[in-house]
Amino acid sequence: MMCVLLATAIASPAAAAVRIGEAGDAVAVIVVGDVESKGSHIAAADLQDVLKRITGAEFEIVEQTDDTDARTRIFVGGGGPVRAIASDIDFDGLARDEIVMKTVGRDLVLAGGGPRGTVYAVSTFFQDVLGCRWWAPGALTAPNDPDLAVEPLDVRYRPPFELRFVLSQIGGVPEARRWHRLSYDLSFDISPRGIPSRALRPDRYYADHPEYFAYLREDGSEDREGTYLFLRKQWKHNAIHEPKPNSYNKWVEVLDRTRRAYNQFCPNSAGARRVITDAVLEELEKNRSAGALPEIVWVAQGHANFMCQCDACEAMRGREGSDSSNWIRMVNAVAAEVAPKFPTVKVGTFAFLHTEAPPATLEPADNVLIYHMLHETNRLDPVTTYPFHADAMRKWARIGTVYVWDYDANYRNYYQPYPNYFVSGQNVKYFHEVGVDGIMVQGGFGKAADLAAMRTWVTAQMMWNPKRDPRTLMIEFLNGYYGAAGPYLMEYIETMVDAAHRKKGLWLGSYAFTTKDWATVRDMNAATRLFNEAAAAVRADRILAQRVWLARKSIDLSWLDRYDEFRNAAREQGLPFLGPANPSKIVDAVAPFRTSWGHWHIGKPFSAYFDEIREKFPPQP
Ligand SMILES: [Zn+2]
């Protein structure tokens with residue numbers, strides 16, 4: 001369910017341009033329109049910086065103004081004096097994060113709906129009106145214009161996604177969040193484990209109330225996760241190997257007697273539902289007292305990929321065709337008690353693993369939020385290629401409020417080329433088409449993560465306006481950020497994507513240590529030639545050369561990961577070997593960054609990776 005309002009109109013052509021700079025002097029003043037709003041102050045300071053960058057002038061920021069000021073007044077935020085001046089703007093009617101950019105006589109209004117609209121209005125003004133591009137931290141392209149003036153403007157825009165979140169190294173930088181118009185100050189628990197697993201503690205409930213927990217009808221096998229025999233083996237193992245005293249022997253006895261396992265609960269158990277509901281209400285009450293009521297409270301399944309097989313759960317699943325039905329019924333019951341007491345809070349739950357498909361007829365309550373995780377898709381192509389996931393999303397979006405958790409990195413090695421470059425942008429287009437309400441994209445961490453600045457920029461632009469074309473955006477980024485090397489990098493991207501698609505039946509997961517599933521020595525040679533040309537194209541520019549050098553680390557390190565294998569393959573196939581003749585030199589070149597490049601993959605720093613390759617390729621005398 002989603003509502004988009006996009007209204008753009010240009011004021012009467014007779015109106016004069018609004019003057020901001022004149023021969024390098026400021027002829028405008030910045031007025032904080034909303035003195036109470038932190039966003040208004042932040043946006044005013046950003047505006048001051050960028051206008052100075054463009055005109056060379058110092059712009060004053062004031063909180064008070066009147067008509068005797070002869071300068072152009074740029075109002076940042078929609079409170080105070082601006083209301084009298086721009087009486088035709090319905091400031092109070094602005095939706096969440098909706099923006100207004102409007103010239104009024106000789107003045108300019110940049111404002112937006114709470115909580116971040118004013119910041120986004122200023123950021124959009126920089127990008128769409130002044131022509132600035134903020135590519136990455138420390139990389140701002142801005143025009144030089146000591147006589148800056150803007151043509152009459154009358155723009156009102158509401159971003160179609162209420163949540164726009166990029167979980168990545170760059171996505172976490174405050175400046176990036178403002179320029180990329182991400183939901184930067186939202187208290188959003190991106191990886192919620194939820195209340196059920198916290199409330200239904202086995203030591204408190206399992207022995208006395210096994211009926212609260214999942215019934216395991218089938219024996220399964222010791223190798224199949226979540227089955228009776230698997231858990232039994234695991235708990236018996238834990239009884240010996242976990243610190244003593246522990247309860248595992250007692251719990252094996254309960255498991256054998258009742259066939260109920262505490263790792264998952266029974267969503268049809270009235271007792272379990274009561275415990276969970278009470279815990280939810282208690283937590284929200286506590287949050288409210290602390291002045292920090294969240295927008296979402298999570299009642300989510302966690303990673304336990306199995307479901308209760310009791311009669312009630314089986315019957316429901318049989319009728320509705322999906323495990324999600326049992327969850328939705330339970331979450332709806334919790335939500336019914338939350339609604340009257342906490343009307344602004346949504347109860348969030350996952351569509352994930354066995355609950356990904358929506359129920360046939362049951363629908364989530366109005367205050368329930370579905371968090372659909374595209375965890376099980378092949379990352380090689382957009383979600384539209386995979387009907388099960390695409391259809392599930394379309395249906396969830398039709399019957400409820402849906403956020404999507406998408407994945408845009410290889411979490412076992414952020415430095416490898418990850419040949420899904422067009423997927424995230426195309427996915428955002430689809431999310432918009434079916435009416436998804438919010439997006440969280442989990443990207444890469446680490447300073448040299450594979451084309452991370454480009455990925456974040458393109459995804460952020462698409463989330464702000466999904467009608468744009470991701471490929472065009474990508475080309476704009478590459479030419480803007482890498483200068484004359486841009487076209488070679490685009491060709492490199494196409495080369496990597498083609499290589500992955502040439503590999504028949506490739507399942508591009510998010511957890512591969514190396515490129516062995518798809519990249520051949522021929523692909524690596526092609527990539528290396530392109531990086532050589534890219535480097536040559538920007539040799540004279542220190543900053544661009546440094547950016548290309550960093551991007552090239554994906555390929556340099558990929559050669560090292562499979563060095564002997566590539567050498568042998570080249571020899572066997574009669575191909576040139578364009579990998580580094582002296583791999584130790586590649587290691588030497590990244591040695592200064594051993595501790596400053598952050599992550600290598602989830603849970604491991606770059607230094608751990610560095611130590612591995614250093615051992616493999618020790619320093620040469
Ligand atoms: Zn059950």
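The values are calculated or read from the model by the stated rules, or taken from the named source; none is laboratory data. Keep in mind the model is a prediction, meaning the values are calculated, not measured. Every residue, glycine among them, receives a Cβ derived from its backbone with ideal geometry; neighbour counts consider all protein chains shown. Heavy atoms of the whole protein, side chains included, go into the accessibility calculation; ligands, DNA and RNA do not. Shrake-Rupley method; radii C 1.70, N 1.55, O 1.52, S 1.80 Å.
Tabulated values for the structure
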read-out: Residue selected from region 322-332 under the condition more than 26 Å from residue 230 (Cβ to Cβ) and out of contact with any strand residue (DSSP E or B) (no Cβ under 7 Å at 6 or more places or on another chain), by the criterion farthest from the ligand (Cβ to nearest atom); value: 328
read-out: Residue within region 292-299 that is within 13 Å of the ligand (Cβ to nearest atom) and either of a type in the set (Phe, Trp, Tyr) or within 16 Å of residue 214 (Cβ to Cβ) (or both) present; value: no
read-out: Residue 270 within 13 Å of the ligand (Cβ to nearest atom), open to solvent by 60 Å² or more (accessible area, probe 1.4 Å) and either of a type in the set (Gly, Ala, Ser) or touching a Lys or Arg at 6+ places or on another chain (Cβ under 7 Å) (or both); value: yes
read-out: Conditions (1) in contact with a Leu (Cβ under 9 Å, 6 or more places away or on another chain); (2) more than 16 Å from the ligand (Cβ to nearest atom); (3) part of a helix (DSSP H, G or I); number of the one not met by residue 275; value: (2)
read-out: Tabulated pairs, region 472-484, first open to solvent by 60 Å² or more (accessible area, probe 1.4 Å), second modelled with pLDDT under 95 and part of a helix (DSSP H, G or I), C-beta under 8 angstrom, 6+ apart or interchain; value: none
read-out: Residues satisfying the stated conditions in region 12-65, i.e. open to solvent by less than 80 Å² (accessible area, probe 1.4 Å) and free of Cβ contacts under 8 Å to residues at least 24 places away in the same chain; value: 41, 45, 48
read-out: Region 202-259 - residue that is closer than 20 Å to residue 305 by Cβ and among the polar types (S, T, N, Q) and, of those, most open to solvent (accessible area, probe 1.4 Å); value: 234
read-out: Qualifying positions in region 119-161 - closer than 30 Å to residue 402 by Cα and surrounded by fewer than 18 Cβ atoms within 10 Å (Cβ to Cβ); value: 127, 128
read-out: Residues satisfying the stated conditions in region 336-384, i.e. in a helix (DSSP H, G or I), touching a Phe, Trp or Tyr at 6+ places or on another chain (Cβ under 8 Å) and either acidic (Asp, Glu) or open to solvent by 10 Å² or more (accessible area, probe 1.4 Å) (or both); value: 354, 384
read-out: Given (1) open to solvent by less than 20 Å² (accessible area, probe 1.4 Å); (2) away from the ligand (no atom under 15 Å from the Cβ); (3) more than 25 Å from residue 338 (Cβ to Cβ), number of the condition residue 305 does not satisfy; value: (1)
read-out: Filter pass, residue 284 being open to solvent by less than 20 Å² (accessible area, probe 1.4 Å), farther than 17 Å from residue 206 by Cα, in contact with a strand residue (DSSP E or B) (Cβ under 8 Å, 6 or more places away or on another chain) and among the hydrophobic types (A, V, I, L, M, F, W, C); value: yes
read-out: Verdict on residue 569 being surrounded by 14 or more Cβ atoms within 10 Å (Cβ to Cβ), over 18 Å from residue 487 (Cα atoms) and aliphatic (A, V, I, L, M); value: yes
read-out: Flag for residue 284 being in a loop (DSSP other than H, G, I, E, B), away from the ligand (no atom under 16 Å from the Cβ), in contact (Cβ under 8 Å) with a residue 12 or more places away in the chain and farther than 17 Å from residue 371 by Cα; value: no
read-out: Subset of region 106-136 (residues that are touching a strand residue (DSSP E or B) at 6+ places or on another chain (Cβ under 9 Å) and part of a loop (DSSP other than H, G, I, E, B)); value: 106, 113, 130, 131, 132
read-out: Strands (runs of 3 or more DSSP E) wholly inside region 151-250 that include at least 2 residues being more than 33 Å from the chain's Cα centre (by Cα); value: 213-215
read-out: Residue match in region 236-250 (condition: in contact with a Leu (Cβ under 9 Å, 6 or more places away or on another chain), more than 15 Å from the ligand (Cβ to nearest atom), over 14 Å from residue 201 (Cα atoms) and not basic (Lys, Arg)); value: no
read-out: Check on residue 316, under 16 Å from residue 266 (Cβ atoms), within 16 Å of the ligand (Cβ to nearest atom) and touching a residue at least 60 places away in the same chain (Cβ under 8 Å); value: no
read-out: Residue match in region 252-266 (condition: among the basic types (Lys, Arg), within 13 Å of the ligand (Cβ to nearest atom) and in contact with a strand residue (DSSP E or B) (Cβ under 7 Å, 6 or more places away or on another chain)); value: yes
